[in-house]
Amino acid sequence: MRVAAVSELPPTGEAREFVFYGPAVCVVNQGGRFRAVSVVCPHLGGPLAEGELRGDVLVCPWHGWQFRFANGQCLNRSGVCLKTFELIIHGEDVFLKS
């Protein structure tokens, strides 16, 4: 499933939300590394795509919960993880692997 054009995801690490027929995902391009996680914070449902990315850590804008963007691991609570999604770059397009 196509997510976006590579040019729509700046390499600055800015988080963007994309909604499909299935789950909404939060996608980031970190200097050419494209990653995707679920868009809702498991703490109280905060909008992670509006959060701040500090290196490889995504910070929820509501209560500051922190997640490693590479694997979804929560740094605030052991055993809590965001769902991660595999992305494929094909030409100038970013696809969510189904």
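Every number here is computed from the coordinates shown, using simple stated rules; none is lab data. Since this is a predicted model, take the numbers as computed values, not measurements. Counting neighbours? That spans all protein chains shown, and the Cβs are built from the backbone with ideal geometry, glycine included.
Here is the list for segment 48-98: trypsin sites (Lys or Arg not before Pro) lying in DSSP coil, each with at most 12 other C-beta atoms within 10 angstrom of its C-beta, are Arg77, Lys97.
In this structure, the amide hydrogen of Gln30, modeled 1.01 Å from its nitrogen in the peptide plane, lies closer than 5 angstrom to those of Arg35, counting only residues at least 5 positions away or on a different chain. Between Leu75 and Ala24, full extension at 0.36 nm per residue minus the direct alpha carbon distance yields a gain of 16.1 nm.
Comparing mean-square fluctuations of Ala15, Ala70, Ala49 from a GNM of the chain with C-alpha springs under 10 Å, the top value falls on Ala70.
Here the chain is scanned for GluC sites (Glu not before Pro) in DSSP loops (not H, G, I, E, B) that have at most 14 other Cβ atoms within 10 Å, and the longest stretch holding none of them is 15-85. Exposed loop sites, defined as chymotrypsin sites (Phe, Trp or Tyr not before Pro) outside DSSP H, G, I, E and B with at most 12 other Cβ atoms within 10 Å, are absent from the longest region of the chain, namely 22-98. Counting only Cβ charges, +1 for Lys and Arg and -1 for Asp and Glu, the dipole size of the chain around its Cα centre is about 340 debye. Over segment 19-98, Cα pairs under 8 Å with separation of 6+ residues give a relative contact order of 20 percent.
Length gained on full extension, Lys83 to Gln66: 4.7 nm, using 0.36 nm per residue less the C-alpha separation.
Put in order of Cβ neighbour count within 10 Å, fewest first, the listed residues Val27, Val80, Val40, Val19 become Val19, Val80, Val40, Val27.
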